[in-house]
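**Student:** Before we start, here is the structure in question, set down as structure tokens.
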Amino acid sequence: MVIGLTGGIGSGKTTVANIFASYKNVVVYFADAEAKKLMNTSKEIKQKLIAFFGENTFLEGKLNRPFIADIVFKDKEKLQVLNSIVHPLVKKHFKEFVKANSHKHYIIYENAILFESNSYTNCDKIITVFAPLDLRIQRVVKRDNTSKEKVLNRIKSQWKEDKKLLLSNYIIENISLEIAKNQVHKIHNILTEKSI
Ligand code: ATP
């Protein structure tokens with residue numbers, strides 16, 4: 001069973017995913033982190049990226065993130081090309097991960113753009129992590145040492161919260177860690193009962 005886990009920037013998805021990861025019979029796939037890893041390790045992705053974006057795409061064998069980010073930020077079509085190169089391989093990698101972990105009670109698929117990328121359609125259930133906007137901005141400003149305006153710009157590129165919540169099976173309110181842990185525990189109990 002694949003459980004999609006998402007939430008807006010700074011809502012605390014990664015924090016909540018790590019709580020789920022503490023259960024022995026659960027495993028978490030961090031989609032963004034895995035995609036970043038694959039961009040550095042997959043020969044196929046590397047070859048395709050260099051063919052389209054040029055030799056500067058990799059510096060000393062590592063993906064030149066600022067170079068790529070600068071190009072795709074300004075050009076939506078190029079962003080689509082980047083996604084069309086990376087996404088199929090990440091999808092394949094995730095399928096293999098699911099197969100290798102089929103003995104687990106369920107797999108948490110943590111993805112910041114679960115809805116925006118349409119990946120939610122492949123999940124059995126969806127959990128959305130929610131926190132008030134002010135708190136999310138405060139957290140990200142502190143974590144990334146960035147400005148409120150930059151965080152707001154990132155938030156604007158994502159789906160509105162109410163739309164995500166309407167499509168979710170469970171909502172975790174992450175205001176305090178203690179409350180979030182309690183909610184994770186309740187959801188875990190429901191999910192493990194159902195899959196016995
Ligand atoms: P992004 O989409 O930007 O990756 P995210 O939704 O994964 O963000 P996290 O990285 O989990 O969010 O949390 C953002 C920041 O807020 C982190 O520094 C994290 O430690 C902190 N944080 C998350 N939840 C709580 C909480 N309940 N109490 C205190 N700090 C928290």
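The values are calculated or read from the model by the stated rules, or taken from the named source; none is laboratory data. Computed from a predicted model, the values in this text were never measured in an experiment. Backbone-built Cβ (ideal geometry, glycine too); neighbour counts: all protein chains shown. Ligands, DNA and RNA are stripped out before the accessible areas are found, and what is left, the full protein with its side chains, is counted by its heavy atoms. Shrake-Rupley method; radii C 1.70, N 1.55, O 1.52, S 1.80 Å.
**Student:** Restricted to Cα positions, what overall size does segment 1-67 have along the principal axes? Three whole-Å values, descending.
**Tutor:** Cα spread of segment 1-67 along its principal axes, largest to smallest: 43, 25, 19 Å.
**Student:** Please list, by residue number, every one of the trypsin sites (Lys or Arg not before Pro) in segment 88-188 that is coil in DSSP and has at most 13 other beta-carbon atoms within 10 Å. Please report the intermediate quantities before stating the final value.
**Tutor:** Values: sites: Lys91, Lys92, Lys95, Lys99, Lys104, Lys125, Arg136, Arg139, Lys142, Arg143, Lys148, Lys150, Arg154, Lys156, Lys160, Lys163, Lys164, Lys181, Lys186; in loops: Lys104, Lys160.
In loop regions of segment 88-188 (DSSP not H, G, I, E or B), the sparsely surrounded trypsin sites (Lys or Arg not before Pro) are Lys160.
**Student:** Helix 65-74 against the longest principal axis of the chain: what's the angle in degrees, Cα atoms only, rounded to the nearest 10?
**Tutor:** Long axis of 65-74 versus the principal axis of the chain: about 90 degrees.
**Student:** When the accessible area of the chain is split by element with a 1.4 Å probe, what percent falls to carbon and sulfur? Could you put the intermediate results ahead of the total?
**Tutor:** On the way: 6420 of 11830 Å².
Summing carbon and sulfur atoms, their accessible area is 54 percent of the total for the chain.
**Student:** Given the pairs Lys37/Lys91; Lys78/Lys163; Lys36/Lys92; Lys36/Lys95, which span a C-alpha to C-alpha distance of over 20 angstrom in this model? It would help to have the intermediate numbers written out before the result.
**Tutor:** Details: Lys37/Lys91 13 Å; Lys78/Lys163 27 Å; Lys36/Lys92 15 Å; Lys36/Lys95 17 Å.
Checking Cα-Cα distances, Lys78/Lys163 exceed 20 Å.
**Student:** A follow-up question, please. Quick check: with the 1.4 Å probe, what order do His103, His185 take by accessible area, largest first?
**Tutor:** Numbers: His103 140, His185 90 Å².
Result, largest first: His103, His185.
**Student:** Then there is this: Per residue of segment 33-50, what does 6.51 cos²θ - 1.76 cosθ + 1.60 with θ = phi - 60° give for ³J(HN,Hα)? Whole Hz please, x for Gly and Pro, Karplus curve as stated.
**Tutor:** Taking θ as phi minus 60°, the curve returns 5, 5, 5, 4, 4, 4, 5, 8, 10, 7, 5, 5, 5, 4, 4, 5, 5, 5 Hz for segment 33-50.
**Student:** If you don't mind, there's one more thing I want to ask. Go through Ile155, Ile3 and list them by solvent-accessible area, largest first, probe radius 1.4 Å. Intermediate values should be presented prior to the final figure.
**Tutor:** Numbers: Ile155 30, Ile3 0 Å².
If we order Ile155, Ile3 from most to least accessible, we get Ile155, Ile3.
**Student:** Kirkwood hydrodynamic radius for segment 38-196: how many Å is it when counted over pairs of different Cα atoms? All intermediate terms of the calculation are to be shown ahead of the outcome.
**Tutor:** Working: mean 1/r = 0.0539 Å⁻¹.
This gives a value of 18.6 Å.
**Student:** Moving to a separate point now. Under 5 Å between amide hydrogens, which residues at least 5 positions from Tyr109 or on another chain qualify, with H placed 1.01 Å from N in the peptide plane?
**Tutor:** Ile3, Gly4, Leu5, Tyr29
**Student:** Let me ask another. Please list the non-local residues whose amide H lies under 5 Å from the amide H of Cys123, H modeled 1.01 Å from N, same-chain partners needing a gap of 5 or more.
**Tutor:** HN-HN under 5 Å from Cys123: empty list.
**Student:** If you count only protein heavy atoms and use a 1.4 Å probe, how large is the accessible surface of Asp32, to the nearest 10 Å²?
**Tutor:** Number for this one is 90 Å².
**Student:** Hey, another quick one. For Cα pairs less than 8 Å apart in space and 6+ apart in sequence, what is the mean separation divided by the residue count of segment 2-195, i.e. the relative contact order in percent? Could you put the intermediate results ahead of the total?
**Tutor:** Working: 233 pairs, mean separation 70.9, N = 194.
With pairs under 8 Å counted, the relative contact order is 37 percent.
**Student:** Tell me the accessible surface of Lys13 in square angstrom (1.4 angstrom probe, heavy atoms of protein chains only), to the nearest ten.
**Tutor:** Around 20 Å² of this residue is reachable by solvent.
**Student:** Same structure again: Would you look at the GNM of the chain, springs on alpha carbons closer than 10 Å, and say which of Ile107, Ile50, Ile137 moves the most?
**Tutor:** Ile50
**Student:** A follow-up question, please. Provide the per residue accessible area, probe 1.4 Å, for the chain, rounded to a whole number of square angstrom. Let's see the in-between values first.
**Tutor:** Working: 11830 Å² over 196 residues.
So the chain comes to 60 Å² accessible per residue, rounded to a whole number.
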